[in-house]
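Some notes on the structure that comes next.
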Amino acid sequence: MAINLKAVLRHASTLQRATTLSELVALTWSAVRSETRYRTAWLALVEPADPAHFRVVQVEGSMQELVLERCPKVAIAGDAMLHELIEGKAPVLVLEAAADPRTNKAMVAALGNRTILNVPMVLGPVVVGALGVGTFGDEGVLAPTDDEVEALVILATQLAGAITRMSLLDAQRQDAERRQRLERHLESLQRVELMGVLAAGVAHDLNNYLTVAQANLGLLELSSTDTDQGLVDAAMQATQRASDVVRQLLSLGRAQSRNRERVDLQARVAGTVRLVRSSMPANVTLTRELGGAPPVIGDPVQIEQALANLLINAREAVGNAGAITIGVHERVLNEEFVRAQSWARTGRFACVSVSDTGAGIPADVLPSIYDPLFSTKTIGTGLGLAVVSRVVQQHAGLIHCESTLGHGTRFELYFPVDATA
């Protein structure tokens with residue numbers, strides 16, 4: 001069969017419009033069926049992260065499931081056929097796989113290979129993959145014609161260029177996404193800075209007024225009657241809540257706390273649980289997990305404030321019924337973990353986790369939850385998580401949130417352990 005030049009050029013033009021690897025492969029399989037007599041084809045790539053193997057990424061035909069199961073990845077070392085393919089940068093033909101000394105006999109026995117034709121995908125001086133066709137079992141031996149080999153060489157060359165183009169486009173998209181994340185992070189930091197400026201101008205004055213009010217209420221409490229005592233207590237509680245809001249604003253705007261000491265997080269968690277337990281609805285269970293971690297260096301007041309904010313957020317998430325769990329554990333984050341989790345860094349940490357069985361946080365909302373100017377609350381300041389994030393940053397720590405709609409949310413605060421511990 002002669003090469004259909006118009007079809008080849010049309011195929012090249014169609015590949016240029018493909019935007020995914022699946023589309024590229026589907027178009028290539030269609031061309032293979034059109035230009036050759038083979039009904040089983042495969043695509044294998046040599047990936048930069050694993051240059052010692054060919055990874056089979058797609059198989060077309062009835063052998064698809066068996067090939068992907070038995071040989072998803074083939075080592076180059078010790079495989080004479082692959083070595084010839086890479087060194088010669090030319091098609092390698094095996095007419096009868098069982099009799100050819102270059103084939104892997106265990107693999108041939110497992111798959112039932114008969115004829116194998118691998119065509120290298122060459123980009124410059126490097127073989128980046130292979131486009132292969134062949135027969136199996138009762139299909140028998142099928143020697144390719146010169147036209148078929150030439151057509152496959154053209155298809156492999158086109159596919160190598162298209163895959164490289166797609167890889168570059170993916171890299172550009174990833175760079176653009178990273179740039180957008182950095183821009184959003186910068187905007188968030190700028191908002192935090194703005195809140196700090198506003199806090200500096202407002203919070204100190206509010207704190208002075210509240211101090212006077214609380215002092216006068218304290219004097220009034222000494223002389224109040226039983227009838228007035230309830231009113232005085234309510235006023236004291238209101239001013240205390242207002243003081244808490246002021247402290248949140250001051251914490252948000254403060255560059256760095258100067259009060260640093262060894263902090264036992266387990267003790268701080270226990271104290272915070274005692275503080276907030278009374279505010280939990282009757283059908284909400286608050287459980288403290290057993291565990292422990294070495295001490296950290298930090299501001300105990302700020303850390304307690306961060307823990308209280310997380311527990312209060314969890315209480316609001318579960319509503320009138322649900323479960324909240326808080327615990328402290330030592331975590332060592334190694335390089336393998338950090339490679340899989342972009343938010344992490346290596347080190348030894350004391351990790352405080354707070355999980356709830358609430359409704360969860362939508363994925364599109366998660367990137368904004370630490371923004372002080374963002375809130376989904378209908379009441380309250382909305383500053384809780386911004387304060388938590390700020391406290392963690394001031395302690396050179398890490399914060400991570402996992403949430404699934406309908407299943408709840410889990411926050412983890414990582415504080416570096418005391419180096420002397």
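Across region 65-91, the qualifying residues are those that are surrounded by 15 or more Cβ atoms within 10 Å (Cβ to Cβ) and under 21 Å from Leu21 (Cα atoms), and the one among them that is modelled with the lowest pLDDT is Cys71.
Matching residues to (1) modelled with pLDDT under 90; (2) surrounded by fewer than 21 Cβ atoms within 10 Å (Cβ to Cβ); (3) aromatic (Phe, Trp, Tyr); (4) in a loop (DSSP other than H, G, I, E, B):
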{"site": "Pro372", "(1), (2), (3), (4)": "yes, no, no, yes"}
{"site": "Ser375", "(1), (2), (3), (4)": "yes, yes, no, yes"}
{"site": "Gly382", "(1), (2), (3), (4)": "yes, yes, no, yes"}
{"site": "His400", "(1), (2), (3), (4)": "no, yes, no, no"}
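Here is a check on your reading of the model: is Thr225 open to solvent by less than 90 Å² (accessible area, probe 1.4 Å), over 30 Å from Gln16 (Cα atoms) and modelled with pLDDT of 75 or more? The answer is no for Thr225. Being touching a Gly at 6+ places or on another chain (Cβ under 8 Å) and within 25 Å of Gly161 (Cβ to Cβ), is that true of even one residue in region 51-58? Yes, the conditions are met somewhere in region 51-58. Looking only at residues in region 41-56 that are surrounded by fewer than 18 Cβ atoms within 10 Å (Cβ to Cβ) and out of contact with any Asp or Glu (no Cβ under 9 Å at 6 or more places or on another chain), the one that is farthest from Ala130 (Cα to Cα) is Ala49. For region 293-330, a residue qualifies if it is open to solvent by 40 Å² or more (accessible area, probe 1.4 Å) and within 28 Å of Gly347 (Cα to Cα), and the qualifying residues are Ile297, Val301, Glu304, His329, Glu330. Across region 404-421, the number of residues qualifying as of a type in the set (Gly, Ala, Ser) and buried (at least 22 other Cβ atoms within 10 Å of the Cβ) comes to 1. Scan region 343-370 for residues that are in a loop (DSSP other than H, G, I, E, B) and either of a type in the set (Val, Ile, Thr) or modelled with pLDDT under 75 (or both) and jot them down. Of everything in region 343-370, those that are in a loop (DSSP other than H, G, I, E, B) and either of a type in the set (Val, Ile, Thr) or modelled with pLDDT under 75 (or both) turn out to be Thr346, Thr357, Ile361, Val365, Ile369. As a summary of the residue check, Val392 satisfies the conditions (1) at pLDDT 90 or above; (2) outside any helix (DSSP H, G or I) except for the one numbered (2). Screening Gly124 on (1) modelled with pLDDT of 85 or more; (2) on the phi > 0 side of the Ramachandran plot; (3) open to solvent by 20 Å² or more (accessible area, probe 1.4 Å) shows it passes everything except condition (1). Condition check: under 29 Å from Gly360 (Cβ atoms), assigned to a loop (DSSP other than H, G, I, E, B) and touching a residue at least 60 places away in the same chain (Cβ under 8 Å). Does Ala306 satisfy that? Criteria not met by Ala306.
The values are calculated or read from the model by the stated rules, or taken from the named source; none is laboratory data. The shown structure was predicted, so the numbers you read here are calculated from the model rather than taken from an experiment. Here Cβ is always computed from backbone atoms with ideal geometry, including for glycine, and neighbour counts include all displayed protein chains. The area values use the complete protein model at the heavy-atom level, side chains included, leaving out ligands, DNA and RNA. Shrake-Rupley method; radii C 1.70, N 1.55, O 1.52, S 1.80 Å.
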